[in-house]
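A.B. asks: Pasting a structure here, questions to come.
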Amino acid sequence: MAVIIKLDCGRCRTYLELEAGDTVLELNQKGTVGKLIFHCPVCNERRERPVEGLHLSALIAAGVGYFTPRPLICEGDVDQFVFQLDRRTDSEIWEELEQ
Ligand SMILES: [Zn+2]
């Protein structure tokens, strides 16, 4: 049985009835809070709704797919990478890439 998720767009205020497969959850790193991502057919735009707690569990139980975004790379990570590169010879780098 397909689960229907009822919500309003939030932008155009259209009341939508979406199937679980028409939505996806983006969770934080701990999986405790997230955003329900869907496409509004009226606005023709990607929309998001914050979700947490029981609503989050209920959506996952209803079959809504979810993902956790990879952490962003910050400037410090790049500096660290460049520093590591500078300390290696070309042959060492190739050796690592070939593994
Ligand atoms: Zn809309």
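Every number in this text was worked out from the coordinates using simple rules, so none of it is lab data. Only a predicted model underlies this, so the values are computations on that prediction, with no experimental measurement involved. Every residue, glycine as well, gets a Cβ built from its backbone with ideal geometry; the counts of neighbours run over all protein chains shown.
A.B. asks: Mind checking which of Phe67, Phe38, Phe83 has the largest fluctuation in a GNM of the chain, springs on alpha carbons under 10 Å?
C.D. replies: With Cα springs under 10 Å in the chain, the top fluctuation among Phe67, Phe38, Phe83 is at Phe83.
A.B. asks: Hey, in the GNM for the chain with a 10 angstrom Cα cutoff, which one of Cys12, Cys74, Cys40 fluctuates hardest?
C.D. replies: Looking only at Cys12, Cys74, Cys40, the biggest GNM fluctuation is shown by Cys74.
A.B. asks: Taking loop as defined by DSSP and a crowding limit of 11 other beta carbons within 10 Å, which trypsin sites (Lys or Arg not before Pro) in the stretch 1-86 fit?
C.D. replies: Details: sites: Lys6, Arg11, Arg13, Lys30, Lys35, Arg46, Arg47; in loops: Arg11, Arg13, Lys30.
Answer by residue number: Arg11, Arg13, Lys30.
A.B. asks: Return, for the Cα atoms of the chain, the radius of gyration and Dmax in Å, separated by a comma.
C.D. replies: Spelled out, the Cα radius of gyration and Dmax of the chain are 20.7, 60 Å.
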